[in-house]
Every structure is written in C-alpha cells, then in structure tokens.
1. Residues in segment 32-48: is at least one touching a residue at least 40 places away in the same chain (Cβ under 8 Å) and over 27 Å from Leu87 (Cα atoms)?
2. For segment 27-43, name all the residues that are touching a helix residue (DSSP H, G or I) at 6+ places or on another chain (Cβ under 7 Å) and either more than 29 Å from Tyr4 (Cα to Cα) or of a type outside the set (A, V, I, L, M, F, W, C) (or both).
3. With segment 19-109 as the region, which helices (runs of 4 or more DSSP H) entirely inside it contain at least 3 residues that are loosely packed, with under 15 Cβ neighbours inside 10 Å and modelled with pLDDT of 95 or more?
Amino acid sequence: MPQYRIYVVELKKKVFTEHRRFREANPQFNGVLECLYVGMTSKTPKERFLQHKTGHISKKGHNISSGIVRKYGSYLRPSLYNHIPPLATRAEALKMEERLAKELRRKRYAVWYN
C-alpha cells in the first residue's frame, strides 16, 4: 500500500505578477515571504519535483505535472514539510495538503495547491 507525502516547492516570485489566478488566490501576500506550491505524492518529494520540472506524462498519457511548478519552481523546502509524517490514504494526504497550504497562507506566504 503506498504512503503519501506532503511537499513544498519554492516558486520564483514572478509567479505573483505573471499568474493572475495565483495572485487572486493570495490577497494576503505582502511580497516579503516566498511564493510556494504545496502538493502531495506517493513518491519521494524529490522524485515528484523532478516530474514537475520535466513535464511528466502518466502511463495513460496525461500530463501530471503542475504548470506552475514546471515554469516557476525553484527547489524543495523540506523545512516546511519534514514535520509531517507519511499518510496512509490519498484522502488524508489531500486534507493535509490543504491544511498546510492554508497554514502557510496565514503566515503570509503566497501559496498554490490543487
């Protein structure tokens, strides 16, 4: 049975000025902290980040990488997710992804998640 991990990618700040939906999702952002992407995966965070950056195509022919991470992703931010243990189900991971994203927004980061 796969385990799911939460991960955080730091994005280039130009995502805030170039991506309207990202900007609209983060009215709390004051430009001081970083722009981030929060995701979940059954792979290691490093493997998943590489999939994002290379535009990974699934076995069914679907592009499963986030366009935001592919275009603006800089590197993983383990200090923001290492405290979260692996989760047993995809549903738990999706809830944790949203919880972490909202927590980071409350801290005034600009955050994108699915």
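1. Looking for residues that are touching a residue at least 40 places away in the same chain (Cβ under 8 Å) and over 27 Å from Leu87 (Cα atoms), one finds at least one in segment 32-48, hence yes.
2. Of everything in segment 27-43, those that are touching a helix residue (DSSP H, G or I) at 6+ places or on another chain (Cβ under 7 Å) and either more than 29 Å from Tyr4 (Cα to Cα) or of a type outside the set (A, V, I, L, M, F, W, C) (or both) turn out to be Gln28, Tyr37, Gly39, Thr41.
3. 90-106
The values are calculated or read from the model by the stated rules, or taken from the named source; none is laboratory data. Since the model is a prediction, treat every value here as computed from it, not as a measurement. Note that we place each Cβ from the backbone using ideal geometry, even for glycine, and neighbour counts take in every protein chain shown.
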